[in-house]
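Enquirer: Below is one structure. I have some questions about it.
The values are calculated or read from the model by the stated rules, or taken from the named source; none is laboratory data. Remember, it's a predicted structure, so these values are computed and weren't measured experimentally. So basically every Cβ, Gly included, is an ideal-geometry build from the backbone, and we count neighbours across all protein chains shown.
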Amino acid sequence: MTRRVVVIGAGIGGLCSAIRLAQDGWKVTIVEARSSVGGLASGFELEGFRFDTGPYVLLDRPGLEWAFGRLGIDPNLHLQLERISHVYQVDDGSALPVSIHDSFEKTAAELDARWPGCGIHYRRFIERTSSTYGRLQPLQWKSRPGILDVVRSGAVQDIPFVLQSLGSVFRSSRLPESVVQALGIWTHVAGQLADKAPSPLALVTSVIHQVGACYPKGGIGTIPEVLFEKAVEEGVEFRFSTKVSRIRCVKNKVIGVAIEAETLSADAIVSNVGLASYLSLLDENGQAALPNRTRNYFNRLPLQSPGICAYLAVKGKPNPPYLRFRLRNELDGCRLLVTPGVIDPSLEKNGWFPARLIAPMGHARAETGGELGQRDFLHRVVETESWWRELFDEVRVLRTRIPNEWGGQFNLYHQSMNPVMTSRFMLSGRIAHRSPWIRNLYHSGSATHPGQWVSFCAVSGILAADQLLKDARDGR
Ligand SMILES: Cc1cc2nc3c(=O)[nH]c(=O)nc-3n(C[C@H](O)[C@H](O)[C@H](O)COP(=O)(O)OP(=O)(O)OC[C@H]3O[C@@H](n4cnc5c(N)ncnc54)[C@H](O)[C@@H]3O)c2cc1C
């Protein structure tokens with residue numbers, strides 16, 4: 001008998017799970033609150049320019065290729081992934097900005113010219129982190145890697161590294177403070193301090209030098225589009241503009257989802273909506289099956305806000321780098337200017353290019369300040385800070401988003417894209433792909449994987465579906 005699964009949410013994780021399950025013969029329905037797929041990774045058009053909603057760079061091409069491979073999609077055929085040459089620079093206001101290029105040699109030579117002797121420390125750091133990355137990478141493709149997996153991948157020697165914080169990895173690097181700030185920029189983007197951040201973020205620069213930071217022609221939004229086409233081809237049914245209001249359970253087992261006045265029955269559910277699945281969607285039977293300790297733990301997790309964002313049209317061809325980070329003080333976080341015209345000059349329209357200004361905002365700060373505080377912050381970044389405006393002849397702000405708008409438009413739990421990825425959270429484990437408390441409930445997406453990137457969400461979609469298929473085969 002054909003078995004039926006409902007997937008809640010057509011983000012990257014939900015799409016990947018849906019395709020995988022449909023390919024195994026399941027009848028799959030995706031219920032999506034928005035009118036299109038992709039969630040935070042979707043693209044949209046404004047005044048003839050195509051923008052990415054959230055993501056701006058792919059830092060884990062192997063992960064995306066692994067997930068696409070499992071779905072029978074050839075990424076090279078469907079996505080024109082381009083390696084970015086001058087990836088980013090970080091200006092911490094102290095002196096010249098620090099640049100990270102695709103080329104290791106170029107990056108090291110620039111650092112050495114500025115801090116004589118720094119090149120050798122940089123080489124050692126990259127060599128060390130490259131080997132660690134090589135051993136840890138296959139573990140990302142396991143749902144819950146056990147000690148045997150760690151032994152098999154040769155990563156036993158990396159256990160001390162994984163147990164450290166990002167801050168302590170950097171302290172042992174002997175690199176100048178400005179370089180450390182530049183290498184650790186990804187933790188600032190997440191609005192997090194290096195001493196709380198997980199050590200694997202230290203691997204990003206070696207990945208950039210090895211496999212490259214990539215950008216698909218047409219934008220990151222092309223990724224969910226390719227997945228959508230594949231899902232349709234595999235017979236996945238979509239219910240757009242439909243919000244799941246409850247996950248229905250009998251005792252501790254899912255039986256379907258409530259949408260509008262109807263219940264869609266299902267043998268299993270894959271939820272792509274993170275903490276909301278447990279904290280706002282489970283009905284009273286499901287709630288009764290969730291241990292109080294777990295509910296309290298989930299309720300206390302620090303959340304990550306999507307921050308503020310301005311979608312821009314800028315006049316004048318943007319110069320490299322592709323990403324310009326401006327580090328402020330600890331309280332005020334950082335800013336990021338994204339200029340896709342650097343990678344794809346064909347984006348030009350009558351001398352104008354699309355660009356984006358992003359500033360992280362702590363979740364607690366956004367919640368406490370409310371809409372007024374969020375608008376205030378947006379105004380300060382967009383209207384009063386001049387460093388980014390000075391790069392162009394003219395600037396037009398086409399659209400802005402504050403955390404409350406992200407939350408409303410993308411159906412985010414407490415206006416948050418996911419729980420903050422602290423080293424403690426990474427080690428204690430994110431939301432499990434298979435619910436330990438509710439039978440036949442599975443999870444995919446950014447809250448389930450040790451990392452929130454698009455590629456990780458894709459991998460998580462496969463892992464959640466694989467777990468479900470294995471359980472079904474085992475008669476669990
Ligand atoms: C500003 C910003 C910058 C980022 N930069 C990068 C980057 O450079 N590189 C990178 O790799 N990643 C980046 N990310 C992260 C990445 O975009 C996300 O982690 C990823 O897209 C999340 O995918 P997901 O599968 O978890 O689903 P989501 O995108 O969260 O999608 C979930 C879907 O579920 C739907 N939904 C929610 N509740 C319900 C309900 N009750 N019923 C029905 N549907 C529902 C939503 O409408 C949504 O479509 C960025 C994110 C942001 C916000």
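Enquirer: Could you give every pair whose Cβ atoms fall below 8 Å, whose first residue belongs to segment 271-282 and is farther than 17 Å from VAL6 by Cβ and assigned by TED's automatic domain parsing to the domain that holds GLN452, and whose second residue is among the aliphatic types (A, V, I, L, M) and near the ligand (Cβ under 9 Å from one of its atoms), counting only separations of at least 6 or pairs across chains?
Expert: Going by the 8 Å Cβ cut-off, the qualifying pairs are LEU275/ALA447.
Enquirer: Within segment 24-37, take every residue that is surrounded by 19 or more Cβ atoms within 10 Å (Cβ to Cβ) and within 16 Å of GLU229 (Cβ to Cβ) and give me the one that is farthest from the ligand (Cβ to nearest atom).
Expert: It comes out as VAL28.
Enquirer: With PHE240, PHE228 as the choices, which residue is surrounded by fewer than 19 Cβ atoms within 10 Å (Cβ to Cβ), more than 28 Å from PHE298 (Cβ to Cβ), within 15 Å of the ligand (Cβ to nearest atom) and not charged (D, E, K, R)? Explain how you work it out, then say what you get.
Expert: On the way: PHE228 fails: surrounded by fewer than 19 Cβ atoms within 10 Å (Cβ to Cβ).
Just one listed residue meets the conditions, PHE240.
Enquirer: Would you check which residues across segment 428-439 are of a type in the set (D, E, K, R) and more than 13 Å from the ligand (Cβ to nearest atom) and list them?
Expert: Hits for segment 428-439 are ARG434, ARG439.
Enquirer: ALA67 versus (1) surrounded by fewer than 18 Cβ atoms within 10 Å (Cβ to Cβ); (2) under 17 Å from VAL459 (Cα atoms): which is the lone unmet condition?
Expert: (1)
Enquirer: Residues that are more than 17 Å from HIS443 (Cα to Cα) and at pLDDT below 95: find the strands (runs of 3 or more DSSP E) completely inside segment 210-270 holding 2 or more of those.
Expert: 262-265
Enquirer: Please state which of the following conditions TYR442 fails to meet, knowing it meets all the rest: (1) within 10 Å of the ligand (Cβ to nearest atom); (2) outside any loop (DSSP other than H, G, I, E, B); (3) hydroxyl-bearing (Ser, Thr, Tyr).
Expert: Unmet for TYR442, out of (1) within 10 Å of the ligand (Cβ to nearest atom); (2) outside any loop (DSSP other than H, G, I, E, B); (3) hydroxyl-bearing (Ser, Thr, Tyr): (1).
Enquirer: Please count how many residues of segment 391-427 are in a helix (DSSP H, G or I), more than 12 Å from the ligand (Cβ to nearest atom) and farther than 20 Å from SER271 by Cβ.
Expert: Qualifying residue count, segment 391-427: 6.
Enquirer: Yes or no: segment 334-349 includes at least one residue that is closer than 22 Å to VAL90 by Cβ and among the acidic types (Asp, Glu).
Expert: No, segment 334-349 contains no residue that is closer than 22 Å to VAL90 by Cβ and among the acidic types (Asp, Glu).
Enquirer: Just to be sure before I move on: is LEU337 buried (at least 17 other Cβ atoms within 10 Å of the Cβ), free of Cβ contacts under 8 Å to residues at least 60 places away in the same chain, within 16 Å of the ligand (Cβ to nearest atom) and over 17 Å from the mean Cα position of the chain (by Cα) in the structure I sent?
Expert: On the way: buried (at least 17 other Cβ atoms within 10 Å of the Cβ): yes; free of Cβ contacts under 8 Å to residues at least 60 places away in the same chain: yes; within 16 Å of the ligand (Cβ to nearest atom): yes; over 17 Å from the mean Cα position of the chain (by Cα): yes.
Taking the combined requirement at face value, the residue satisfies it.
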